[in-house]
Amino acid sequence: MEIMNIIKPVLILGGMGLLFGALLSIASKIFAVELDQNVEKLLRVLPGANCGACGYPGCEGLAKALSEGKAEPNSCVVGGQKVANAVSEILGVSAGEFEKKVAVVLCQGDCDKAKEKYIYQGLEDCRVQTTLADGKKECSFGCLGCGSCFDVCAFDAITIVNGIAIIDREKCTACKKCIEVCPKHIIELVPYDNKAIVKCKSEDPGKLVRSYCSIGCVGCKICVKNCPEDAFTFENNLAKIDYNKCTNCMTCVEKCPTKAIVDATKLDLKENNIIAS
């Protein structure tokens, strides 16, 4: 009698398990949603980075949008022109032109060139440090070098050297993660083919910039006056380049007295903190 009291519940539970399993199997077939064949093909050519730079939730989200005609073939910034061509071939549409862009930290004020207000010994996070008197640097626009951008970069494109973040333009995929996390808003996307970059974001008057940074833009307007293509504007005490007009003549780089304007393709890490060697 005691054995039957044990066996009965086991048999009942086992039977219920088999019944529910069979019902779930039937339900999965009845309510199954077939994946679009184009989506499967697109997923095979997309890079699988799932970075969200395209504006969709991962590569599967983009693949569905592409299949439904809601996204352009060149939407994947990580894959670039190669992926755009593959997508266009699958969908039978024009790939369109893809302009490669890279993220750039618009600051060169490392520990040797920029003055500091205090010694920071807290959590190594730029967002946390910014809450303390806007950060340790005298320049409120300067890179704090705690590495919040480094932490979110999935492509090993960012290093922290001598107190500032440096982005390797050959590794950068323009996923925008670093741009989103930077509390100083000093990381921007620039066209890969454009060499001249104003690596400063300070909007302080030139006299103040000189007092706290030896390599910042002082608002002398020499670049504005000497640019043969009229590619420079001057707003809020800062020189800015119109990349649609810039022809990479490098006149601005040669004329800039503080070396705030640089050639991102040639200058090395030790001199100008552009790209790691």
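Things to note:
- Per-residue Cβ neighbour rank within 10 angstrom, fewest leading, Ile167, Ile26: Ile26, Ile167
- For Cys146, distant residues with modelled amide H under 5 Å away: Cys126
- C-alpha long axis of helix 2-30 to longest principal axis of the chain, angle in °: 60 degrees
- Applying 1/(1 + (r/R0)^6) with R0 = 35 Å to the Cβ-Cβ distance of Tyr118 and Asn237 gives a FRET efficiency near 0.90.
- Cα point-scatterer Debye curve for the stretch 37-91, base-10 log of I(q)/I(0) at q = 0.18 Å⁻¹: -0.43
- Close amide H partners of Val93, meaning residues 5 or more places away or on another chain with modelled amide H under 5 Å apart, do not exist here.
- Arranged from fewest to most other beta-carbon atoms within 10 Å of their beta carbon, Arg44, Arg169 become Arg44, Arg169.
- Amide H contacts of Leu238 (H built 1.01 Å from N, in plane; Pro and chain starts excluded): no residue 5 or more places away or on another chain comes under 5 Å.
- Our coupling estimate for the stretch 179-190, obtained by passing each phi through the Karplus curve with A = 6.51, B = -1.76, C = 1.60 and θ = phi - 60°, is 5, 5, 8, 5, x, 8, 6, 10, 10, 9, 8, 10 Hz, Gly and Pro reported as x.
- In the chain, taking the dipole from charged Cβ atoms about the Cα centre, the farthest positive-side position among Leu24, Gly14, Val218 is held by Val218.
- Quick note on the chain: its Rg to Rh ratio, both from C-alpha atoms and Rh being the Kirkwood radius, is 1.22.
- Model label sites at Asp36 and Lys266, defined 7 Å from Cα along the beta-carbon direction, differ in position by 4.8 nm.
- Taking each DSSP H run with n ≥ 4 as -39500 (n - 2.57) and averaging over every residue of the chain yields -9500 deg cm²/dmol at 222 nm.
- Where trypsin sites (Lys or Arg not before Pro) fall in DSSP loop in the stretch 195-257, at most 16 other Cβ within 10 Å: Lys221, Lys245
- Over 31 Å (Cα to Cα) - which of Lys177/Lys225; Lys136/Lys245; Lys100/Lys240 fall in this group: Lys177/Lys225; Lys136/Lys245
- Cα-based helix-to-principal-axis angle, 80-91 vs the chain, degrees rounded to 10: 40 degrees
- Length gained when the stretch Lys8-Ala22 is fully extended (0.36 nm per residue, less Cα-Cα span): 2.9 nm
- Distance cut-off 25 Å, percentage of C-alpha pairs in the stretch 9-128 lying past it: 56 percent
- Here the stretch 91-116 and the stretch 200-270 have alpha carbon centers that stand 16 Å from each other.
- In the chain, the longest principal axis of the Cα atoms and the axis of helix 58-67 are about 80 degrees apart.
- Residue order, fewest to most surrounding Cβ atoms within 10 angstrom, among Asp151, Asp230, Asp168: Asp230, Asp151, Asp168
- Counting every C-alpha pair in the stretch 137-184, the share spaced more than 13 angstrom apart comes to 53%.
- Longest segment of the chain lacking GluC sites (Glu not before Pro) that sit in a DSSP loop with at most 15 other Cβ atoms within 10 Å: 100-169
- Cα gyration tensor shape for the stretch 124-264, rounded if a/c is under 1.5, else prolate or oblate: oblate
Quick note: the coordinates plus some simple rules give every number you see, no bench work behind them. Since this is a predicted model, take the numbers as computed values, not measurements. Note: ideal-geometry Cβ built from the backbone for every residue, glycine included; neighbour counts use all protein chains shown.
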